[in-house]
Each structure stands twice: as C-alpha cells, then as structure tokens.
1. Just to check your reading of the model, which residue among 358, 324 is closer than 28 Å to residue 279 by Cβ, within 15 Å of ligand 1 (Cβ to nearest atom) and crowded, with 22+ Cβ neighbours inside 10 Å?
2. What about residue 392, is it surrounded by 15 or more Cβ atoms within 10 Å (Cβ to Cβ), assigned to a helix (DSSP H, G or I), without any contact (Cβ under 8 Å) to a residue 24 or more places away in the chain and in the same structural domain as residue 360 (by TED's automatic domain parsing)?
3. Which one is surrounded by the most Cβ atoms within 10 Å (Cβ to Cβ) among residues in region 784-802 that are at pLDDT 90 or above and not in a strand (DSSP E or B)?
4. Quick one: is residue 490 touching a strand residue (DSSP E or B) at 6+ places or on another chain (Cβ under 7 Å), away from ligand 2 (no atom under 13 Å from the Cβ) and farther than 20 Å from residue 136 by Cα?
5. Kindly indicate whether any position in region 184-197 is assigned to a helix (DSSP H, G or I) and surrounded by fewer than 20 Cβ atoms within 10 Å (Cβ to Cβ).
6. I'd like the residue in region 516-542 that is free of Cβ contacts under 8 Å to residues at least 24 places away in the same chain and not in a helix (DSSP H, G or I) and, out of all such residues, is farthest from residue 214 (Cα to Cα).
7. Can you say whether residue 116 is at pLDDT 95 or above, outside any helix (DSSP H, G or I) and surrounded by fewer than 18 Cβ atoms within 10 Å (Cβ to Cβ), as far as the supplied structure shows?
8. When you check residue 484 against the structure, is it surrounded by fewer than 17 Cβ atoms within 10 Å (Cβ to Cβ) and either within 21 Å of residue 84 (Cβ to Cβ) or in contact (Cβ under 8 Å) with a residue 60 or more places away in the chain (or both), yes or no?
Ligand code: ANZ
Ligand code: ZN
C-alpha cells in the first residue's frame, strides 16, 4: 500500500478541479440553485489567519454536499480590498496601495487554493477594481438622487492617529477600532447616508429571515426601537422644553429636568441665565468627550444647574430646576429629559449627588435605596388622576390626557444614527459628485462612471484633515456637469463598508458592464441561501448591506427585500493560551505551516472538529495530530478492503444511522459530532476486520465534504468509477436507523423503579417477564398484588400494585 502523502495528492486534485472547472456555478437556470456565501476577506499584509478557514470550510462542506444533492451551487470568493491598513502600509513603505493590494491578493488566493475550498474562482470580485467600484459609485448616485445621501456639518468621531472620521460602529470602547487611538469629537462636513429612514423595516423584516438569535437580538438592540412620548414643559421666558420619555406614567415624579450641553435653549435663554460663565465652562469640558464616555453607567454624574430659569411640571404644576449634564445626549430623542429619580438609575444617581427630591410614583421598591425600574409590575402612587393604575394602563391614560391637552404626542424613536459615509483618505472609492457655486452638488453623469482614483504622489492625509486628493488641483478642478461652469470634485472617499454592501450581487454576474448584475441572474441566484460570518459584523456590514439591499429593492434592481435568507456565525479561534491570536502575543498560527506539515485535509478536519462551531475555542497542536491520525486510519482502511457491492447485514443499521447523523449535523453546524460519528464508524470496520467496497464508497462520500482530497484519491486508487464529485449524496433508510431493541423505563405506582432492555415491538407479556426478572423492580412488587398494567409499546410500562 502506498503511503498517505497529502502534499502531492492535494496539489494534484486541486489542479484537476481547476482544469475541469468542477466548482463553477452553471448559468443553466433549469436546475435548483443554492447560493452559499462567506464574508470575503480584507487581504491584509499578514496573509490568511487560521480563523478564516473555519467559516470557509464550514460553508465549503455545505456547498459540496449541495452539489452532490443535485443543486447548481454558487460558492464565490473575492476581496474587500480598500481600507486603511493597506494605505498605512503604502505610506510607510512608499509603495502604491494598488501594488500592495495586488501582492496581498495573490498571497491570499494561493493560500485559499491550497486549502481545496470549492470556490468558483471564475467569479472573483475585487472592490478596488474600477469595473467593480463603478457600480458602488452608481449605487451612491441613486441614493443621492433619492435624497438618502446628504452632506452635513456633524460632530463626528475623529481618530487622532488615523486622522479620519469614524462611524459609531468603528469606535469600540471609546477608542479607534483599527488602531486603538484616542477618539475625540470634531465638527466636519460629512456625507451621510440616511439608514435611519429604513430603521423600521430593518427591524421588522428580521421576522422574514432565518438568522441565529444572537444576531437578531444584536441588530434589534443596535437599531433600538422604543415607543414613548414627547412632552412639552413650560419654561421661564415663554420658552418650552420638549422631552422624550418612554415612561410618561412617571410624569408626577419628574422633579427636575436635564438638557444636553449642546442644547440650543441655552442660547435662547441667555438673558435670563445668571451663571453663564459656569455653564460655558461645563459645555467646553463636555465637548471634548465622546458619546461613549458620556453615557458610561459607572461614571460619576456631573452637571450644572441653570440659574435664573425654571420649568413647570405640567401635571403637578410645580416649579422644577433645569440642569445641563453630559449624560443627556443631544443626538437622541429631543436632547432633553424629564428626570424621574425614583425610577431611572441615572437620574437617581444625579439626584443623590445634587440633593434633589426623589418621589416614588410606582409602588414596589425603596426609592431611598435605589431607583425602582421594574416596568412590568407596580401600581401608580402619588400621581393624581392615574393613582391606582398598573404601569401599562397609566401610560395609556396619561398619554391620551397629554395628547388631548396638546402638550404631548406619542413618538417612536430609534437609537440608530445616520451612517457617516465620508473618509478623508486616499484608498477608497471617489464619491462621484462635483460642487458648483451655481448648482450645488451635481452628480457625475452615469456614462462617465467610474470616477477613477487618480495617481497621487503621496497618500498621507493632509494636516487639516482633508483627503490627499484635495491636493491634486488638476483632478479636483473640473466643469459642472449641469451648467458647464467651474466645478470641484468631492475629495472625500467612501468608507470600506461601501464595497462590501453589495458584493454578493456582483458574484451573480461579475463581468456585466451594463448593469451591476442582470435581472435574470439576480432573479435566479438571490437571495443568498446561507451566509456565514463573524459576530463582529452584526451591527456593521450586515446592517449596512441589508440597508443597501432594501434600497435597491425599492429602486427595482433586486427581486427580494432581504439579501440573506439565513445567517449563522462562527466562534473565534484563539491562541493555545486562550487569548486572542495576535502578533504582539506571539501566539499566531500560520495555516501554511499546518498545510505543509500535516496537509490541507488535516487542517480542514481539525477546524471542523475543534469544538462547537458557534463558540470560541483555543487552538491545539495535539488536536491537529489527532485529526491527522484519523486520516491515516482512513487511508489504512484499504488494507481491510474486501469485495461486496451491498452493505453487509451486521453494519447496515450503523451505516444508515451514520448517513443520517452526518447529513443532519452538516445542516446544523455540528461538524464536530459528524466527524466523531465517522471516527466511530472506522472503529466498527476495524473491529470487524473488513470493509467492503459498497461500505467504503459510502464512507468516502460522507467524509468528502470535509476532506475532499484524500477521499478523491482513495476513490480513484481503488478503481471506483468517476470522481466523488460526480456521485449523489448517500440516502438513508429511516426504518434501518431504528434500534431493534430499546431501553424502557418501568414504573411501579407511577414512580420509575428501573429500566428493561426489550425489542421495540415486544409484547406486554415479554415486558412483564423482563420487569419481574429485574431484582430492583421486583423489590417494589414483591408481596403485593398487581391490580393494573399500563403498557405503551416502545415507550413505558407502568405497573399498579396494592
Ligand atoms: C423619564 C423616565 C422615567 C425615563 C423612567 C426612563 C425611566 P430608550 O428606552 O433608550 O429610548 N432619555 C431620553 N432622551 C435622552 C437623551 N437624549 N440622552 C439621555 N437619555 C435620554 O430610553 C428613553 C429614556 O431615556 C427616556 O425615558 C429618558 O428617560 C431617557 F422611570 O424619561 B426617561
Ligand atoms: Zn453648475
């Protein structure tokens, strides 16, 4: 018997698949389709990480299985290649980002190919290719045309190291997600996309897709829909403050108000305010903090009372003080709140610090000790005409009352903010707009797309925070497409999230130069049947792409309101020390080394066997060795191979059970238990000392999606016809998966007293005989008389004694 030598045979099969185009999706639309998708990688300079193949192998298994089940499968791959790390590398090493990107892509591609992933490489997309970003720009123009892209002076998150504006989603724990640098607030003119216009639908349509719960929940929380009321409070100087509250029922307990430091009312009340200096100083201090710092719960509350002005609580008609404090954000609700310290934790902390009255209006807690925040239970007290009502009823009654009086109205609010879409960087898609003094912002005509990123000398962002494109005067200066007068191009570029917001559509028709993809191809291939990707993208890419897709649906470009029918997510692979793999910790495992030493099939088996697919797991070199041994044992099955073209009777049931288990486990992300079942099957063959050809074939087909190279090689070496990829996925016979004997619980007077092992269809007499023969059970019957027997075949046997 030849040695198992993955190195040669893996390359051999990869070349055969390439030559034959085995994994090309066909444009023959008569077959049922299956579109499996994994998040395309950012081709970083570090090359592939062992985390990447976890997701890619999982859906590779699904794709390979689907092909064997007769589907026309699209499993594509591409490159999300615009972005900061490449640009930073280019600046540091003085190489054009285009060249850096090409090198990185070449390396990634070679690495992915060495893993035998069944991608359709004929449909590769690259977000930095002008033929691709032409359509990214086109989508932007459509958004602009529909009023969903607008430029606005906005306080943005500004990374002081990257010198770039960040979306809220890119600020993690108060620092820049990419570089860990300090994030401050800065006022800049930014292009924004109105994702908020889709907030309601982005929540509602989560009902029509099959996403795992934690993804759904995270999206819901991020979009943050809440229902409440806006209420007007009268203020000194004939002014009003409008607040947003989700608890109008607590209005009688509103003992003071708080407005955000940026609230315009301060300007309007200037002539009444007697401590303006103090207030200005506080505003100055607050302006330096990010929203994250301001809303941190643990933080000690700060604020200043506005002297010289008061508000009136509309139901108690009492005068109450007004504060400015940074725990109220200008960007949410109305930027002002009615503070109810008895029932809101932040208000309670503030009230304690500033010695403000705390009134209990919902019974059930002890508001001297802590705010009572339970909204599910409790009856209103100290609350005039809503006394005695449950919270829910009280909300209804006071809401109607306030609406009748014209001092309040019901309101739905969302946490979701519009998407900051400008980047003051070079390596991104140019925003295809021209500014004209006469006409304002004018779109570049569609037939002139793409607006190609020009060659520049230096990619450093400028000191004043403008994009390096701003320095290219001959590119910037152009004519207005509308009036022919002088115009200037927009020099901001798009964020990295732009290209990834629609890439899955392009795979269906990657060379189309008339449309982003043809209607026929989109009709056939979309929606994506199964999309797997990282949890870290739940509130970024996943949300953005759903937004763009909905927009394209409204525009009539795509046939479905949702892009992804099913979304799952894998856990991270950590270092052997259970910490995140990173260069600085020195615990990074390079997949190339594993392939070199053990083979791609071993790496694939290992990545799928390593543990619960949805959980994070530490890497283990011993685990790798164990997986290699499994493949060695697979190889050695040849030494006990005998003739026979039907399953042998003693293993028939085991094999049907294994087919069922593996088939179902692959659908439920339980790759680890599928592999365990195959390992156990090998033991059965070895125990018997023989495996016949029919059995070997089934075994190889079941293992093929996980270890495609070794299985093709064994198929060929043993003279089986065709290739594994030409076969049909094995079927199981449900009847043959049923155990002939079962374990049945036996009760005496309703209590389980033991179990018996009997044939599934045993008669009542057989069951009774077995039960009486069991010492433990008999002990409860001995000396008594049996008055009744209840026997449910295959389920339970209950004996009643007196
Ligand atoms: C009175 C009240 C009483 C409140 C109570 C809560 C509990 P969600 O559910 O997140 O929408 N709020 C409103 N605008 C705010 C802003 N700009 N900055 C900080 N906090 C703000 O939260 C709505 C609640 O958050 C509102 O309801 C308001 O406090 C506060 F027992 O009003 B509530
Ligand atoms: Zn003009």
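The values are calculated or read from the model by the stated rules, or taken from the named source; none is laboratory data. As the structure is a computational prediction, the values presented were derived from the model and not from experiment. Cβ: placed from backbone, ideal geometry, glycine included. Neighbour counts: every protein chain shown.
1. Only one candidate qualifies: 324.
2. no
3. So the residue we want is 784.
4. no
5. Yes; the residues of region 184-197 include at least one that is assigned to a helix (DSSP H, G or I) and surrounded by fewer than 20 Cβ atoms within 10 Å (Cβ to Cβ).
6. The extreme case among them is 518.
7. Taking the combined requirement at face value, the residue does not satisfy it.
8. So residue 484 does not fit the description; no.
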